[in-house]
Every structure is written in C-alpha cells, then in structure tokens.
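The values are calculated or read from the model by the stated rules, or taken from the named source; none is laboratory data. Not measured: the values here are computed from a predicted model. All Cβ positions, glycine included, derive from the backbone under ideal geometry; neighbour counts span all protein chains shown. These area figures cover heavy atoms from the full protein model, side chains too; ligands, DNA and RNA do not enter into them. Shrake-Rupley method; radii C 1.70, N 1.55, O 1.52, S 1.80 Å.
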Amino acid sequence: MKHNNVVFVFDGKYIGQFKVTCYSLLYNNSHTSFNIHILYSGLTDDEILDITDFITKYGSVPFFYKTDISMFAGLPKMPNDDSYSTYKKLLIPELLKISDKVLYLDCDIIVNGEISELFNNESPTFLSAAKDIRVNLKRKEHVKEITGNKKNVYFNAGVMLFDLAKSNGKVSKDKACTYMVENAQKLRFHDQDMFNHFYSDNYTMLDGKYNYMTTFSSVKDIFCSRNKKNAVILHYANWKPWNENYIGKFYGVYKKYYKMCSKEKNVNFMKKRKFSAQLKLIFSYLRRR
C-alpha cells in the first residue's frame, strides 16, 4: 500500500498541538496510510517513543529528523515563541530523501475532511499553496517588497504541498539562508516571507478550502458563512483556540478534536475561554488598526 507523505515541524513545547492536528488528519483519512515526517528539536527519547506509539496505532509510519537550528540564529522569532522552529520548513526538501509529494502542515491546524485529492492532482510546479488573502489586502507594500511583484500573489506557508520529484525552480538551502540573513529585518512573516520571495511567481495555487483561515477578516465575515462549510483544512493562524482569549471561527471544531485526541493520548494544553480575556484581545486588536 502506498503511503502519502505529510511533514510537521515542531519542538518539545508543541507536542500536544501536533497530536491534535495529526489525530484530525488520521481520523478523517482512516482509509489512507501516511508516512509522518517530523522535523524536530528538543524532544526527549521518551517523547519520541510516545509520538511513535501514537502514529503507529493508526497504521501510519513515523520518521524523525533531528534538526540544528543554530543556522537561523539572529532571525526574527515568532511572537510568544522563543525559538526558531518555524524556519525548519526550509529544510524539508533537503532532509526528505524521497521523490514524491509531501504535504506540510502547521501544528495549529485541524484537518476536517478527506485530503486525497491534494495528492492525486498533478501540479506543474515544485510548490503549491493557498493565497493569503488577508496579507495581500492589508500588507500590499510588504508583499511588493518581499516578492518584487505588484500582483497579489502572496501565499500562506501553513499548508504547502511540495513535489520533491520536481527540481525545476527549487531553491537550495544555502541560497535561502543567505537571503534570510541578509534580509532579516524585512521578514515580518518569518519563513513565509522567505518562501514567497523565491516561489511567489512560480507556484500552483491551492483552493482556499485547503487552508481556511479562522481569523475574522471583517465584521461581514462574522455573519457570512460563505466557504465555511466547504473548509477541509482549518488553519488557526493568528489567534489560537487553546488560549483563553480566542475569538476566531471554528472554536467548537478544535475543541471536539482536542477532546477526541485526549481519549487516545493525554493532551492537556487547552485553556477554558474567559470573556474578560477575549475583550482585552478585541480592544488590543482595534487599537492596532
């Protein structure tokens, strides 16, 4: 049986979030076996054994790649995350010695449906991703600076499909690292800016249902249900549903899979939402606009 390839990037602080995302993937694609590739740092031997048990229970196979993040020292870190873990996405084409499609997923994602279509469709490019509508609308000057292109072609790097059989257009690790170091102050969106700098004019656009952002983009978005029902991959890209101040979409969906996963493996990171914390986040957000 062929195994589809999925890759995750995380460190010891996000094991619980990884398990919930991975559980949602395996639960909703139970007829499919996966090779689960994990680029990690800061995991103990016991944690690796625990993750291995979690994955193999569903008939999938784990592969672990211990990664050195010292090469990313000095680059901007993600907010509220004192690490360079997100930049390890850059190493995916180098570390995974396979000639096949590989789906990358962030660990703030719920796979809420069947994804075989992603692997079955042929793409002419090395990289496929969904357009980041919010960044294109709100950060036009930044998009232009990063991509060098006036067109709104900026994509989100939380869900990316790599076709490792294609070498045309693939950027080497050394070239990408050189760009990141020389342009560290420009990297407002971290590794996502790097991928867009090199691939924004040569990528295949995925349907938005495969990277549906759960942050409300406008007041209208609160009441408009367009595209919500068709969402297959839910991406909690900004506000996190496990925090007490979460005010985005699909809270109930995340909580459902969190509870289901908890019955299989102990995860204990989701906080109960507090109205006062939600109000504080809303006022903070409004002040920045």
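Quick check: net charge around Lys173, other residues with Cβ under 13 Å of its Cβ, Lys/Arg +1 and Asp/Glu -1?
On the way: positive: Lys88, Lys89, Lys170, Lys175; negative: Asp68, Glu94, Asp174, Asp191.
The answer is 0.
Tell me, what HN-Hα J-couplings in whole Hz come from the Karplus equation 6.51 cos²θ - 1.76 cosθ + 1.60 at θ = phi - 60° for each residue of the range 110-115, using x for Gly and Pro?
Computed from phi, the couplings for the range 110-115 are 10, 8, 9, x, 8, 10 Hz.
If you put +1 on each Lys and Arg Cβ and -1 on each Asp and Glu Cβ, how big is the dipole of the chain around its Cα centre, in Debye rounded to 20?
1540 debye
Once amide H atoms are built 1.01 Å from N in the peptide plane, which residues 5 or more positions from Phe155, or in another chain, come under 5 Å H to H?
Correct list: Asp132.
Can you tell me the accessible area per residue over the range 87-166, all protein chains present, probe 1.4 angstrom, in square angstrom?
Using a 1.4 Å probe on heavy atoms only, each residue of the range 87-166 averages 40 Å².
Stretched out fully, how many nm does the piece from Arg134 to Arg273 gain, at 0.36 nm a residue minus the Cα gap? Walk me through the numbers on the way to the answer.
Numbers: separation 139, 0.36 × 139 = 50.04 nm, distance 2.53 nm.
Roughly 47.5 nm would be gained on extension.
Could you order Tyr14, Tyr87 so the one with the most accessible surface comes first? Probe is 1.4 Å.
So the residues, ranked largest to smallest area, are Tyr14, Tyr87.
What's the local net charge at Lys274, with K and R +1, D and E -1, over the other residues with C-beta under 12 Å away?
Details: positive: Lys271, Lys272, Arg273, Lys280; negative: Glu244.
Taking every Cβ under 12 Å from that of Lys274, the sum is +3.
How far apart, in nanometres, would the label points at Asp50 and Asn121 be if each is projected 7 angstrom from Cα along the Cα-to-Cβ direction?
3.7 nm
Using a 1.4 Å probe, how large is the accessible area of Cys22, given in Å² and rounded to the nearest 10?
0 Å²
Distance between the C-alpha centers of the range 1-15 and the range 17-65? Whole Å please.
Here the answer is 6 Å between Cα centres.
What does the C-alpha gyration tensor say about the overall shape of the range 24-157? Classify as rounded when a/c is under 1.5, otherwise prolate if a/b is larger than b/c, or oblate. Write out the running numbers ahead of the final one.
On the way: a/c = 1.98, a/b = 1.31, b/c = 1.51.
Oblate.
Along the charge dipole of the range 108-218, Cβ charges K/R +1 and D/E -1, which of Leu137, Phe155, Ser116 sits furthest on the positive end?
Looking along the dipole axis, the top candidate is Leu137.
If you plug each phi of the range 265-277 into the Karplus form 6.51 cos²θ - 1.76 cosθ + 1.60 with θ = phi - 60°, what whole-Hz ³J(HN,Hα) values come out, in order, with x for Gly and Pro?
Karplus-based 3J(HN,Hα) across the range 265-277 equals 9, 5, 10, 8, 10, 8, 8, 6, 5, 10, 4, 5, 5 Hz.
How large, in percent, is the carbon and sulfur part of the accessible surface of the chain at a probe radius of 1.4 Å? Let's see the in-between values first.
Working: 7190 of 14380 Å².
Carbon and sulfur atoms account for 50 percent of the accessible area of the chain.
Quick one: what are the phi-derived ³J(HN,Hα) couplings along the range 188-198, Karplus 6.51/-1.76/1.60 with θ = phi - 60°, whole Hz, x for glycine and proline?
Calculated HN-Hα couplings, in order: 4, 10, 6, 4, 4, 5, 5, 4, 5, 4, 8 Hz.
Considering amide H positions built from the backbone, and no H for Pro or chain starts, which residues 5 or more places from Lys101, or on another chain, come under 5 Å of its amide H?
For Lys101, the qualifying residues are Leu164.
Between Asp207 and Lys280, what is 0.36 nm times their sequence separation minus the Cα-Cα distance? Round to one decimal in nm. Intermediate values should be presented prior to the final figure.
On the way: separation 73, 0.36 × 73 = 26.28 nm, distance 3.38 nm.
That works out to 22.9 nm of additional length.
For the range 150-220, with only Lys/Arg (+1) and Asp/Glu (-1) charged at the beta-carbon, what is the dipole magnitude about the Cα centre, in debye rounded to 20? Before the final figure, lay out the partial values.
Details: 10 positive and 7 negative charges, 40 e Å.
Computed about the Cα centre, the dipole is about 200 debye.
Can you give the net charge of the other residues whose Cβ lies under 13 Å from the Cβ of Ser123, counting K and R as +1 and D and E as -1? Walk me through the numbers on the way to the answer.
Working: positive: Lys101, Lys166; negative: Asp100, Glu117, Glu122, Asp163, Asp207.
Result for the neighbourhood of Ser123: -3.
Taking all protein chains together and a probe of 1.4 Å, list Phe269, Phe72 from the most accessible to the least accessible. List each step's numbers first, then the result.
On the way: Phe269 40, Phe72 0 Å².
Per-residue accessible area, sorted high to low, gives Phe269, Phe72.
Straight-line reach from Lys249: which lysines have a Cα under 17 Å away, not including same-chain ones fewer than 8 places off?
Within the straight-line limit of under 17 Å, Lys249 reaches these lysines: Lys209, Lys220, Lys228, Lys229, Lys240, Lys271, Lys272, Lys274.
For Gly59, enumerate residues with amide H under 5 Å from its amide H, sequence gap 5+ or separate chain, H modeled in the peptide plane.
none
Heavy-atom accessible area of Ser30 with all protein chains present, probe 1.4 Å, nearest 10 Å²?
Roughly 100 Å² of Ser30 is accessible to a 1.4 Å probe.
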